[in-house]
Amino acid sequence: MLPQENYIRYAAKFAAEHKIHIRLCGSFQKGSASPYSDVDLCVAGNAGQIKQLLYNYGQPVFLSHTTNPPGILVVIYEDGVQVDLEVVSDVGVTGIGYFHRDGNGPGAYARNETIFRELVLRDDEPYLVSRLFHRSLTKYLSGKEDAGVAIANEIVASLKYGEEILKDDYRSGMRKLLDRFSEKYPMEKGYEELLRKMLGRVSR
């Protein structure tokens, strides 16, 4: 079983126990997920409930948010599971129960900006840029090598230093870039360890 599927079971159980509506969206809802796919959730609950949902599964090694589109929490756990969580006012409930698998996807429901802001820990530029390492690696490892390389070069452009990352030398280039970045902007230990573990899976 993929760790993401384990997380989805956890979210379904949490929804039922806490009577909080959660809608599964994205590739896991559509049945097209890969081992590196994100879990996309729309959640309608208060700040306390959503904090419980985030932290009862385990300690996140990274917690940030998207800027394009804005308003989606990005949560990465030690086991590599990434959850893109959209805090909404309601999930457009259809049918019974609290966990819904007929999702329309992020952006389909009214976002709750107040709760979202309560949950965001940091929004400084280096921290937001550091999320791109994980995004690049998940794309590359899932077979979308060109996309992974393009995202890596977004990091290079943001830093305004470092050499262009090439597809034929992705692993070496990313390792050097991560070394430079983490030296200038120290990362959370668990997050950096996860990135280096993922780099070890890259063949070239």
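The values are calculated or read from the model by the stated rules, or taken from the named source; none is laboratory data. As the structure is a computational prediction, the values presented were derived from the model and not from experiment. Ideal geometry is used to build each Cβ from the backbone, glycine not excepted, and the neighbour counts take in all protein chains shown.
Which residue out of L128, L137, L178, L166 is surrounded by fewer than 17 Cβ atoms within 10 Å (Cβ to Cβ) and within 20 Å of the chain's Cα centre (by Cα)? Result of the check over L128, L137, L178, L166: L128. Scanning the range 64-80 finds no residues that are modelled with pLDDT of 90 or more and of a type in the set (S, T, N, Q). Could you please let me know if L195 is in a helix (DSSP H, G or I), out of contact with any strand residue (DSSP E or B) (no Cβ under 8 Å at 6 or more places or on another chain) and crowded, with 16+ Cβ neighbours inside 10 Å? Taking the combined requirement at face value, the residue satisfies it. Among the residues of the range 142-169, those identified as more than 12 Å from L132 (Cα to Cα), touching a helix residue (DSSP H, G or I) at 6+ places or on another chain (Cβ under 6 Å) and assigned to a helix (DSSP H, G or I) are E145, K167.
Table: residues versus (1) in contact with an Asp or Glu (Cβ under 9 Å, 6 or more places away or on another chain); (2) over 29 Å from V43 (Cα atoms).
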site	(1), (2)
A157	no, yes
G162	no, yes
D168	no, yes
G173	yes, yes
K189	no, no
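Out of R111, R101, one residue alone is touching a residue at least 12 places away in the same chain (Cβ under 8 Å), assigned by TED's automatic domain parsing to the domain that holds N46, over 23 Å from V61 (Cβ atoms) and buried (at least 18 other Cβ atoms within 10 Å of the Cβ). It is R111.
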